[in-house]
Amino acid sequence: MLIAMLTDSPKSDRRQFVRTTTGALGAALVSGFPAIISGQNVTNAIKVGLVGCGGRGTGAASQALHADDYAELTAVADVAQSQVDKCLQTLKAITRVADRVKVEQPQQFLGMDAYQKVIDSGVDVVLLATPPGFRPQHLAACINANKNVFCEKPVSTDAPGIRSVLDLSEKARQKNLSLVAGFCWRYSNMIEDTFKQMFDGAIGRLVSYYATYYTNPVKPMPPESTRPEGMGDTEWQIRNWYNFVWLCGDSIVEQAVHSVDKVAWAMRDVPPASCVAVGGRVIPAEGGNIYDHFEVNYLYPNSVRAFVANRQIEGCYNENADYIMGTDGILTIGRGPVPKIEGKTNWTWSGQKYDMYQREHDVLFASIRKSQPVNDGKRMATSTLQAIMGRMAAYTGQEVTWDQVLNSQEKLFPDHLDMTASMPVPPRAQPGITKLV
């Protein structure tokens with residue numbers, strides 16, 4: 001595959017190219033996988049900026065560069081130079097993309113305002129991969145600056161942030177910007193085919209959905225004794241963000257939200273009427289304020305029930321599966337290499353499985369080249385809110401309605417952050433004591 005060496009032209013010319021190229025390049029777009037631009041006489045690059053240089057951000061940058069042979073990574077942002085260095089070293093070791101990693105030292109931005117510097121650097125696409133608490137603020141800056149966005153899930157840790165994202169989604173639509181979400185299962189051809197079987201009636205009327213997300217802790221909280229001397233509370237918490245609710249939203253919002261999103265998809269993105277939940281922490285941990293297990297019971301307007309269970313405890317049974325029960329059969333995902341239906345209709349998926357993480361970016365860059373914007377904004381916000389709803393029900397011990405969570409005034413993410421200031425950790429939620437706000 002030919003990978004051309006590209007030369008930059010003025011920003012206005014590049015943006016016009018990105019918006020209007022639909023001729024020979026449009027014909028070269030592949031509708032399936034992979035959607036790669038190749039072998040064309042192109043003199044303009046799609047410039048990509050990365051905000052958040054951890055493992056997910058590094059993966060997203062690699063996938064963006066693989067999605068379009070004329071994409072260049074030109075700016076990155078993080079709070080730590082070590083993360084930037086590791087990210088760039090990893091990308092430059094990938095033969096196919098190495099020569100398009102063009103991030104010189106002046107374009108390596110550090111600090112709490114680094115995201116804005118990436119946006120202002122002249123990029124066309126921004127990849128948002130910081131801890132989720134930052135997402136509404138970073139997304140707002142991108143959409144206000146007319147940038148196409150890949151937005152990793154979840155998209156907020158609280159309801160005020162979700163309301164902001166819903167507004168931003170509509171703003172992106174009005175501006176004809178692409179906004180692709182990191183809810184990767186929606187980009188799995190295997191699950192698309194499987195859900196089509198369900199929607200076409202293969203299991204009859206859907207009765208209930210049971211999803212599991214049992215796994216080990218993503219990144220356990222290190223002892224306070226390991227905190228580097230002089231590191232402030234804010235930086236310490238950001239570096240260990242999986243363990244703090246204001247940053248991660250807790251495990252049901254940060255990780256099991258993938259299962260919640262599949263439930264939402266199966267319910268055709270109609271939100272639940274209410275939910276009740278249980279959760280808590282079994283394994284003691286020094287620092288942090290998250291639970292290590294949840295189980296949520298969602299009630300839908302048509303009396304269908306959905307159950308989402310997740311756990312992050314070492315040494316336990318692990319499973320990531322979906323059991324979808326209908327009047328005429330059962331659809332099972334995750335209990336074997338491919339989905340299957342048993343009942344009046346017996347069906348097993350067959351085909352070539354596409355890399356769903358790569359396909360997210362294939363779709364994003366193809367939408368830019370074709371000038372056919374893709375907008376996942378509403379569903380990425382409502383799936384995240386549905387996970388927040390479950391967390392709120394578990395934290396408070398109360399039944400929570402959709403209207404209550406949609407209008408919740410509980411704001412977890414601070415309005416102003418200071419990397420050196422004191423930031424006490426709120427106590428872990430206690431059902432029956434913690435109030436619904």
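The values are calculated or read from the model by the stated rules, or taken from the named source; none is laboratory data. All values derive from a computational prediction rather than experimental measurement. Ideal geometry is used to build each Cβ from the backbone, glycine not excepted, and the neighbour counts take in all protein chains shown.
So the values come out like this:
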read-out	value
Filter result (more than 19 Å from Asp322 (Cβ to Cβ) and hydrophobic (A, V, I, L, M, F, W, C)) within the range 244-303	Phe244, Val245, Trp246, Leu247, Cys248, Ala273, Val276, Val278, Val282, Ile283, Ala285, Ile290
Meets criteria (touching a helix residue (DSSP H, G or I) at 6+ places or on another chain (Cβ under 8 Å), closer than 24 Å to Asn189 by Cβ, in contact (Cβ under 8 Å) with a residue 24 or more places away in the chain and not assigned by TED's automatic domain parsing to the domain that holds Val165) for Ile388	no
Scope the range 382-437; condition more than 30 Å from Val79 (Cα to Cα) and among the hydroxyl-bearing types (Ser, Thr, Tyr); matching residues	Tyr395, Thr396, Thr401, Ser408, Thr434
Residues being in contact with a Gly (Cβ under 7 Å, 6 or more places away or on another chain), of a type outside the set (A, V, I, L, M, F, W, C) and surrounded by 15 or more Cβ atoms within 10 Å (Cβ to Cβ) - total across the range 194-221	1
Pairs with Cβ under 6 Å, 6+ apart, first in the range 322-348 and free of Cβ contacts under 8 Å to residues at least 40 places away in the same chain and within 23 Å of Asp261 (Cβ to Cβ), second among the hydroxyl-bearing types (Ser, Thr, Tyr) and in a strand (DSSP E or B)	Thr332/Tyr323; Lys340/Thr332; Lys340/Thr348
Subset of the range 97-113 (residues that are surrounded by fewer than 20 Cβ atoms within 10 Å (Cβ to Cβ) and either out of contact with any helix residue (DSSP H, G or I) (no Cβ under 7 Å at 6 or more places or on another chain) or assigned to a helix (DSSP H, G or I) (or both))	Ala98, Asp99, Lys102, Glu104, Gln105, Pro106, Gln107, Gly111, Met112, Asp113
Test: residue in the range 270-284 that is part of a loop (DSSP other than H, G, I, E, B), under 25 Å from Phe195 (Cβ atoms) and out of contact with any strand residue (DSSP E or B) (no Cβ under 7 Å at 6 or more places or on another chain)	yes
Odd one out for Leu166, checked against (1) crowded, with 24+ Cβ neighbours inside 10 Å; (2) within 21 Å of Ile252 (Cα to Cα); (3) not small (Gly, Ala, Ser)	(1)
Residue within the range 185-196 that is within 30 Å of Glu410 (Cβ to Cβ), more than 14 Å from the chain's Cα centre (by Cα) and either in a helix (DSSP H, G or I) or modelled with pLDDT under 95 (or both) present	no
Selected residue (criterion: surrounded by the fewest Cβ atoms within 10 Å (Cβ to Cβ)) from residues of the range 77-96 that are assigned to a loop (DSSP other than H, G, I, E, B) and at pLDDT 95 or above	Thr95
Qualifying residue in the range 379-398 (condition: at pLDDT 95 or above, of a type in the set (D, E, K, R) and closer than 30 Å to Asp68 by Cβ)	yes
Those residues of the range 383-431 which are in a helix (DSSP H, G or I), among the charged types (D, E, K, R) and closer than 25 Å to Gly182 by Cα, in sequence order	Arg391
Selection count, the range 409-437, where residues are touching a residue at least 60 places away in the same chain (Cβ under 8 Å) and within 22 Å of Ile162 (Cα to Cα)	9
Criterion violated by Met419 - all others in (1) closer than 22 Å to Cys184 by Cα; (2) modelled with pLDDT under 95; (3) not acidic (Asp, Glu) satisfied	(1)
Flag for Val253 being buried (at least 18 other Cβ atoms within 10 Å of the Cβ) and in a helix (DSSP H, G or I)	yes
Which listed residue is under 23 Å from Phe244 (Cα atoms) and among the hydroxyl-bearing types (Ser, Thr, Tyr), from Tyr115, Tyr70	Tyr115
Criterion: in contact with a Lys or Arg (Cβ under 7 Å, 6 or more places away or on another chain) and at negative phi - qualifying residue of Ala141, Ala80, Ala129	Ala129
Residue count for the range 239-250, restricted to those that are out of contact with any Cys (no Cβ under 9 Å at 6 or more places or on another chain), in a helix (DSSP H, G or I) and either at pLDDT 95 or above or closer than 30 Å to Leu206 by Cβ (or both)	5
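Matching residues to (1) more than 19 Å from Tyr187 (Cα to Cα); (2) part of a loop (DSSP other than H, G, I, E, B); (3) assigned by TED's automatic domain parsing to the domain that holds Tyr209:
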| position | (1), (2), (3) |
| --- | --- |
| Tyr317 | yes, yes, yes |
| Ala321 | no, no, yes |
| Met325 | yes, no, yes |
| Ile330 | yes, no, yes |
| Arg335 | yes, yes, yes |
| Val338 | no, yes, yes |
| Ile341 | yes, no, yes |
| Val363 | no, no, no |
| Ser367 | no, no, no |
